[in-house]
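None of the figures in this text is laboratory data; all of them are computed from the coordinates on show. All of these numbers come straight from a predicted model, not from anything done at the bench. Cβ placement follows ideal geometry from the backbone for every residue including glycine, while neighbour counts extend to all protein chains displayed.
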Amino acid sequence: MKQFFKYVCATIVGIFIVGVIISILTILSIAGMASMGSMTANVKDNSILVIQLEGSINERSEENPLSEILGNPTLTDQGLDDILASIKKAKEESKVKGIYIEAGSFAGAMPATLQAIRKALVDFKESGKFIVTYGDQYTQGAYYLCSVADSVVVNPKGMIDWSGLSSQVMYYKDLLGKVGVDMQVVKVGTYKSAVEPYLLNEMSDANREQIETYDKEIWSEMTKAISKSRKISEAKLNELADSMMLLRETEIYKKEKLVDKLAYSDEVKPMIARMMKVDSPDDYNTVTVKDLANISANEPKGLSGDVVAVYYAVGDIVDEATSGFSYEPEIVGKKVIKDLEKLANDDDVKAVVLRVNSGGGSAYASEQIWHQVMNIKANKPIVVSMGDMAASGGYYISCAADYIFAEPTTITGSIGIFGLFPNASELMNNTLGVHTSTVKTNAFSDFGDISRPFTDQERAMAQRYINNGYELFTQRCADGRKMKQDDIKKIGEGRVWTGLHAKQIGLVDEFGGLDKAIAKAKQLAKLDEASVMSYPSKTNIFDQLMEEMQGTSYADKQLREALGDYYPIWADLKNVHQKTGIQTALPYRLKFNL
């Protein structure tokens, strides 16, 4: 019997070892296939760039081989960096004759990201090359992009969502009340409504005012662009938006000039062949966004050793990295500070472009990052390129730059500050039946204890601290923008602005994307040639696969897909403990029906 157990144990161990080896070989094989896919491709004659609008669009591309293996394109996260690089390369490459955009299962993107891509497509058309788009159905964001095309095609039984913008804010006051939690809030700024979801059940008048303002400005940018491309008046576009286009007969889309043709996907290929002046679809070649982006990435970017560093600051600003599973990007204060310090001390780095896409977060981390921006500025130029948003803490870390670029639809401003302190005494005492007794040596030894509410003195002291934080924030902005502090306060108060409005009131200098910011950085550093290097480095495929296999980021992606529009509610409540203390954050999670 002893011998039997010996053989059984040996067999089990052997199976386990073989399983581990097979798993490692599988991971390495997948990584190898993915890396082979990322090798530089040769562009053949008569090529067309194919852009597939699938999944979501983030600031930077992210390798996710499992999304292809699992056959779920909605898990694909495309990078704005790759899309813009491929469009630029397609314009310059004589072998690429046009662009074909397929509006697939597009989860959408924020307005500034869509605007940046659309501007790149408009620039591409100036080369005389064509753009064709096809969709079984177009989301509003996809249609905004695709409307720039020479020929817009929709499935004869397809759909186009054209209904205008709406923004929604979720309120948790009653939910927290049901479990016995009361949020104690101190803030500065009439429009600083980040705390409203915990205090109210509906929008305040101030919050409604700012949301209506930026929604109208963003919608105006969209309708102006589409009007110019499709030769449809803005008034007509608004009339169509009010007529529930999503549920209209498909023929209406062509009649109202929203599309040029009703056709199935296989009928588009001969159309492209005719535009390319070849006999059949077999006579032209296709190239992907990744192919062209990799060609662009592997080409030398300068003849000198001088470097323009592009540093990506994306996500919530936090003091420490979030624990537990989360796929959301973060600006981790301690890490960013070290990274920026290295760039400041690197003699080869002659200028820095800080690419900011953040709604803010920790006031302390924002201040520390601001300090490092100032250190860089003391020795070399630093330019900010704002993405979808650079608001609250995102604006805090931007304001000291030598020059600031934003898209007209960038969300920025929100110069305000708040503190959020939960009081769970009702939950503990009445719901859970948990009671506490406290012994303390000094008057405020138990300050911040969630088992009791603030005293009047503690609330007054917290408010004074918040007021001082607001004074510091507005002074930082005034110094950085060379404005009077009182003038900053007039446009502060936590109010959110579009880039369009921000330029008018002096919060940004110029409209433009990352390319313009890099060009400005070179100009300020007096560089004719320079290599452009991106930081921090992307996670390599092997490390990412290991993370995926551990179920962290993949689990979060699955949760995002399952919860859809309700994911932000879960994320907010899951991370509410991290939002206690002093915050410079956007008034809410922005959600556009794009």
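Give the lysines reachable from K178 as a straight Cα distance under 27 Å; neighbours fewer than 8 places away on the same chain don't count.
Partners found: K187, K192, K574, K579, K591.
Cα convex hull of segment 450-520: how many Å³ per residue?
Dividing the Cα hull volume of segment 450-520 by its residues yields 140 Å³.
Among the listed pairs K125/K157; K89/K125; K350/K522; K338/K380; K91/K125; K44/K91, give every one whose C-alpha distance is greater than 19 Å.
Beyond 19 Å between Cα atoms: K125/K157.
Using the Cα atoms as the points, what is the convex hull volume per residue of segment 346-428 in Å³?
So the per-residue Cα hull volume is 116 Å³.
Limiting things to C-alpha atoms, what are the Rg and the maximum Cα-Cα separation (Dmax) for segment 153-218, in angstroms?
Cα radius of gyration and Dmax of segment 153-218 are 17.6, 56 Å respectively.
Report the local net charge at I232: Lys and Arg +1, Asp and Glu -1, summed over other residues whose C-beta lies under 13 Å from its C-beta.
+4
Counting only other residues whose beta carbon sits under 15 Å from that of P156, what net charge do I get with K and R as +1, D and E as -1?
Every neighbour counted, the sum reads -1.
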